[in-house]
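A quick write-up on the structure given underneath.
Every number in this text was worked out from the coordinates using simple rules, so none of it is lab data. Because the structure is a prediction, the values reported are computed rather than measured. Counting neighbours? That spans all protein chains shown, and the Cβs are built from the backbone with ideal geometry, glycine included.
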Amino acid sequence: MKFCSSCGREVILQIPDGDNRHRYCCRHCSAIHYQNPRMVIGTVTVWEEKILLCRRAIEPRHGYWTLPAGFMENGETTDEGAARETLEEAGARIDMGPLFSMIDVPHVDQVHLFYRASLLHLDFEPGPESLEAKLFHEDEIPWDEIAFRTVGQTLKWFFEDRRSGRYDLHTSSIRYQPPRPEA
């Protein structure tokens, strides 16, 4: 950030009085510009024993498979956003279920939330950000082509819960681990 969105003047990075983190601050109008994590929301959508996945038509991870998901918009609840993203990514109309997983991804300033959902009918097709939208049995999931660790972890939890007959709310964090230098 270079300029204040309130007055247009240049901002500086500093720790404001009474705070403990660096923030972009405007010396002219005294505005403090807080930057907060972005919410990525989506669904684990089921039809009978199959899971709906989308193959990404955009970066990052173009061509890889993911659960239908995307960034939450202002003015919507998390479950409304998850339903919207499922419709946008896969053209799928769903019956929304409960929150299933919440995974913090602090190195990219994101929180990923996935709801369980049921597909209402088989009339779905990929949206503009998806190359394909397809239903998979557990043994057909292209595990080596899953786009994001949060999606892979959520799918693992889902299949474990389904085998146990009890669905829980799962939470976790994924922290960046830099590659190890070669010896």
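Before moving on, here are some points about what is shown:
- Under 24 Å from Lys134, Cα to Cα: lysines that are on another chain or at least 8 residues apart: Lys50, Lys156
- Of the chymotrypsin sites (Phe, Trp or Tyr not before Pro) in region 1-54, the ones in a loop by DSSP (not H, G, I, E or B) with at most 13 other beta carbons within 10 Å are Tyr34.
- For the chain, the longest principal axis of the C-alpha atoms and the axis of helix 149-164 are separated by about 40°.
- Counted by neighbouring Cβ atoms within 10 Å, the residues Cys54, Cys25 run from fewest to most as Cys25, Cys54.
- Relative contact order for the chain, counting Cα pairs under 8 Å that sit 6 or more residues apart, in percent: 21 percent
- A Förster distance of 30 Å, applied to the separation of the beta-carbon atoms of Arg162 and Thr78, puts the FRET efficiency at 0.85.
- Each of (i) 311; (ii) 148; (iii) 180 is a candidate for volume of the Cα convex hull per residue in Å³; the one calculated from this structure is (iii).
- Summary: within the chain, the longest segment free of GluC sites (Glu not before Pro) located in DSSP loops with at most 12 other C-beta atoms within 10 Å is 74-181.
- Here Trp143, Trp157 are placed in order of increasing Cβ neighbour count within 10 Å, fewest first, which gives Trp143, Trp157.
- The chain - share of DSSP beta bridges that are antiparallel (%, nearest 5): 65 percent
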